[in-house]
Amino acid sequence: DVKVTQSSRYLVKRTGEKVFLECVQDMDHENMFWYRQDPGLGLRLIYFSYDVKMKEKGDIPEGYSVSREKKERFSLILESASTNQTSMYLCASSLIAGVSSEQYFGPGTRLTVT
Amino acid sequence: AQSVTQLDSHVSVSEGTPVLLRCNYSSSYSPSLFWYVQHPNKGLQLLLKYTSAATLVKGINGFEAEFKKSETSFHLTKPSAHMSDAAEYFCVVRYTGANSKLTFGKGITLSVRP
């Protein structure tokens, strides 16, 4: 079974702090994704990566950056956390870039910025 | 713009009765369509996917969906609801040429009454 793990289930940070959210997948997938999930808005793509050291902006990249130094690990960084970044963050991975490939999701990190 | 519409935000059914969760997508040549389920405090799990093969797709837990190009719909159904089906359901589309990017609907919360 594909396993996608996220470093924390719950996280509380203060405004202005630098926040790291870590995601690791164990199936040698090329593609990795970061989403945020908010009530009534569904999932929105923040950043994604097709390969090591490669990244592309998603639909809502403002206020975020990412890092992919190793194939299995994809980090989301909030350089200076703000209260409007309080949300559920979901990481996903997929094997190939083909149109039919499904994404496998981690359990999510619920981040609260106070 | 590419989009997927889930008109109902909340559906409530009695245990043992049929489930219908509606999804419409904006018209495009050869989209791939997915339904994901998210149980409370869990990550998203793939229920089923359509990738231009059979138009009636069977998924896990007794769910199925039918791709209707003329109606640009991909509604999710189940003949008999179970209490464990209570969750949030997302209709997701990937359009040709969109690499691995998925477009999520806003989600439907399914409640099952005893």
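The values are calculated or read from the model by the stated rules, or taken from the named source; none is laboratory data. Quantities reported herein were computed from a predicted structural model and do not represent experimental measurements. Methodologically, a virtual Cβ is constructed for each residue, glycine included, from the backbone with ideal geometry; neighbour enumeration extends over all protein chains shown. Ligands, DNA and RNA are excluded from the accessible area calculation, which covers all protein heavy atoms including side chains. Shrake-Rupley method; radii C 1.70, N 1.55, O 1.52, S 1.80 Å.
Per-structure values
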read-out	value
Of residues in region A:48-75 being among the hydroxyl-bearing types (Ser, Thr, Tyr) and at pLDDT 95 or above, the one surrounded by the fewest Cβ atoms within 10 Å (Cβ to Cβ)	A:Ser65
Subset of region B:23-63 (residues that are more than 8 Å from every other protein chain (Cβ to nearest Cβ), of a type in the set (A, V, I, L, M) and open to solvent by less than 20 Å² (accessible area, probe 1.4 Å))	B:Leu33, B:Val37, B:Leu47, B:Leu48, B:Val57
Residue check, A:Ser7 away from chain B (no Cβ under 12 Å), of a type outside the set (Asp, Glu), surrounded by fewer than 20 Cβ atoms within 10 Å (Cβ to Cβ) and without any contact (Cβ under 8 Å) to a residue 60 or more places away in the chain	no
Test: residue in region A:11-31 that is within 12 Å of another protein chain (Cβ to nearest Cβ), open to solvent by 50 Å² or more (accessible area, probe 1.4 Å) and assigned to a strand (DSSP E or B)	no
Tally, over region A:76-86, of residues that are open to solvent by less than 10 Å² (accessible area, probe 1.4 Å) and assigned to a strand (DSSP E or B)	2
Lone qualifier among A:Gly42, A:Gly63, A:Gly106 - being over 25 Å from B:His39 (Cβ atoms) and touching a strand residue (DSSP E or B) at 6+ places or on another chain (Cβ under 8 Å)	A:Gly63
Elements of type strands (runs of 3 or more DSSP E) in region B:29-114, at least 1 residues being among the charged types (D, E, K, R)	B:44-50, B:56-58, B:64-68, B:73-78, B:87-94, B:108-113
Whichever residue in region A:32-43 is open to solvent by less than 70 Å² (accessible area, probe 1.4 Å) and without any contact (Cβ under 8 Å) to a residue 40 or more places away in the chain and, among such residues, is nearest to the chain's Cα centre (by Cα)	A:Gly42
Filtered residue count, region B:1-16, keeping only those that are open to solvent by 50 Å² or more (accessible area, probe 1.4 Å) and farther than 29 Å from A:Arg9 by Cβ	5
